[in-house]
1. What number goes with the only condition from (1) more than 9 Å from chain A (Cβ to nearest Cβ); (2) surrounded by 19 or more Cβ atoms within 10 Å (Cβ to Cβ) that B:R30 does not pass?
2. For region A:299-323, give me each residue that is within 9 Å of another protein chain (Cβ to nearest Cβ) and without any contact (Cβ under 8 Å) to a residue 40 or more places away in the chain.
3. Tell me the strands (runs of 3 or more DSSP E) entirely within region A:164-276 that contain at least 1 residues that are in contact (Cβ under 8 Å) with a residue 24 or more places away in the chain and among the hydroxyl-bearing types (S, T, Y).
4. Condition first: open to solvent by less than 10 Å² (accessible area, probe 1.4 Å) and either touching a strand residue (DSSP E or B) at 6+ places or on another chain (Cβ under 9 Å) or small (G, A, S) (or both). Now tell me which residues in region A:345-355 satisfy that.
5. Which number in (1) of a type in the set (K, R); (2) part of a loop (DSSP other than H, G, I, E, B); (3) surrounded by 20 or more Cβ atoms within 10 Å (Cβ to Cβ) marks the one condition that A:R113 misses?
6. If I go through region A:252-273 residue by residue, how many of them are open to solvent by 30 Å² or more (accessible area, probe 1.4 Å), at pLDDT 95 or above and closer than 25 Å to A:T306 by Cβ?
7. Being surrounded by fewer than 24 Cβ atoms within 10 Å (Cβ to Cβ) and touching a residue at least 60 places away in the same chain (Cβ under 8 Å): is that true of A:L7 here?
Amino acid sequence: MTDITSLPASDLAGRIAAKEISSTEAVGAFVAHADALGPEVRVFITPTFEQAMADARTADTELAAGRPRGPLHGVPFGVKDIYWSAGIPTTSGSALDAEFVPDEDATAVRLLREAGAIPVGKVNTVEFAFGPTGQNATYGMPRNPWGEGRMPGGSSSGTGAGVASGFFPMGLGSDTGGSIRIPSALCGISGIKPTFGLVSRYGVTPLSHSLDTAGPMARTVEDLALMLNVLAGPDERDPVSITAPRVDYVASLQGGIGGLRVGVPVQYVWEPLDTDVALAFEAAMRTLEGLGAQVMEISLPELEWTPPVAAGITIAEATMAHGARVLEHGDRMDQVTRRRFESGFFVPATAYAKAQRARVKYARAVAQALTRVDLIAMPTVATPAPLAEQDMLTLGGVEISSREALLRLTRVFNLARMPSASVPCGFSPDALPIGLMLGGARLDDALVLRAVHTYQAATDWHLRQPPLG
Amino acid sequence: MAPELTPDAFSAWARAVGLNADPEHLEKLRPEVEALAGRLAPLDAIPVDDIPIEQAVGGLE
């Protein structure tokens, strides 16, 4: 008998549409699994299991009446708790917002519900999405099902751990410096940070307004495409929302990668980098070559600017977004996060403007590189999941903070405002997942998805089940 | 970042922006600010004269 909780969202949607299983059975299986493991896994901040079961019964009634809502009819999903949900607390992972109950859904939540998907709860996030480790002083660190005590990655920690644990097959994340792709890599699932502005951020708690990107996380790339078909589109209520040509991301998955040029930067990526991550990445490049891609080195020295440019923008804008509340209620926050916000008060406007000008130059350099190749490849994260207590790591003989090690590669595509996706590409000797990241030019989201889908179809890393699921 | 931020200047800056100026709190905050200053220092070496500020700030270039 098929374990429903191990099925991808696209498979579930197909079986529900064909009436092979009901939405009640599907949602019930995920909810029962999450309930059985209990709150100690710290994935959910506000579970909405009863409402989800009621929604599933409604979905079954609608389907029986020949009125399916859309391509995700009856399929459960998790909602990072920085997305507004009408009538349900939206904490942003902070005690400061524990009582905040929005009166409408975020656009992304609304679109998924209109497509028939069913939210099963609000899931954990780093406080105000400000950090890559997954730690949260108020709501705890979600358990990474690949290793007890291992960081799940953040800030979309609950979505990553929840998908990997089989609590829901897909979910919403957000990505300012890697917050979709880092937990995707560390939890062994798939995630895409779409082109900046492609998915509405209306109703999503801001962190860094010029970098924040909403997007999907799921078991498979096919599921990401299915979700992006629903999520992508203009929204006048998000000031950076763009109007792009309509693309069928699912149909675009086909066609393979024969002849595609994949560039691997010679600078920045390789030090510091965990040896096992490097080996898995090299093997992934050979797989891409075997699938017909041309893998070649590219020079992109501007990547060395990544840490200062990202810091100058993110920290200043985070303080713009939340500084006033931090001043007033900082004693109720995680004190490490509080100090990170407070440090933003010491960034001069001139430094912020310099970082923004450097970002534009940086993005132009990446765009120029993407005229010579179709895609840029690198590991998603420089290390497999660190232990929660590991503040510092030694990677390839170089000492680096865990926080910086997690962020240093994913930030590239945030600063470039270009799409990039992470998929599993191997495991460390400790059986921890390793991620492969491919990025493409602005609005080349379909190409990025096609490439990682082609890779995923030729490998089985994404099919492995975690020991603690 | 302001170079060579002395303890007194750091404390004054913190008070000016409205931070909790309790010495114990500032003692913990100061390393965070110094680390940030270190991370931002390489910005000085990035040539950006060819990027008009109007294109860069506002987030919609």
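The values are calculated or read from the model by the stated rules, or taken from the named source; none is laboratory data. Here the structure is a predicted model, which means the values were calculated and not measured. Note: ideal-geometry Cβ built from the backbone for every residue, glycine included; neighbour counts use all protein chains shown. All accessible areas refer to the heavy atoms of the entire protein, side chains included, with ligands and DNA or RNA removed. Shrake-Rupley method; radii C 1.70, N 1.55, O 1.52, S 1.80 Å.
1. (2)
2. Residues satisfying the conditions are A:E304, A:I315, A:G323.
3. Qualifying strands (runs of 3 or more DSSP E): A:170-175, A:190-193, A:213-218.
4. A:A355
5. A:R113 satisfies every listed condition except (2).
6. 4
7. yes
This table checks each residue for (1) within 20 Å of A:V31 (Cβ to Cβ); (2) acidic (D, E).
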residue: A:P145; (1), (2): yes, no
residue: A:S156; (1), (2): no, no
residue: A:A161; (1), (2): yes, no
residue: A:D175; (1), (2): no, yes
residue: A:R181; (1), (2): no, no
residue: A:T220; (1), (2): no, no
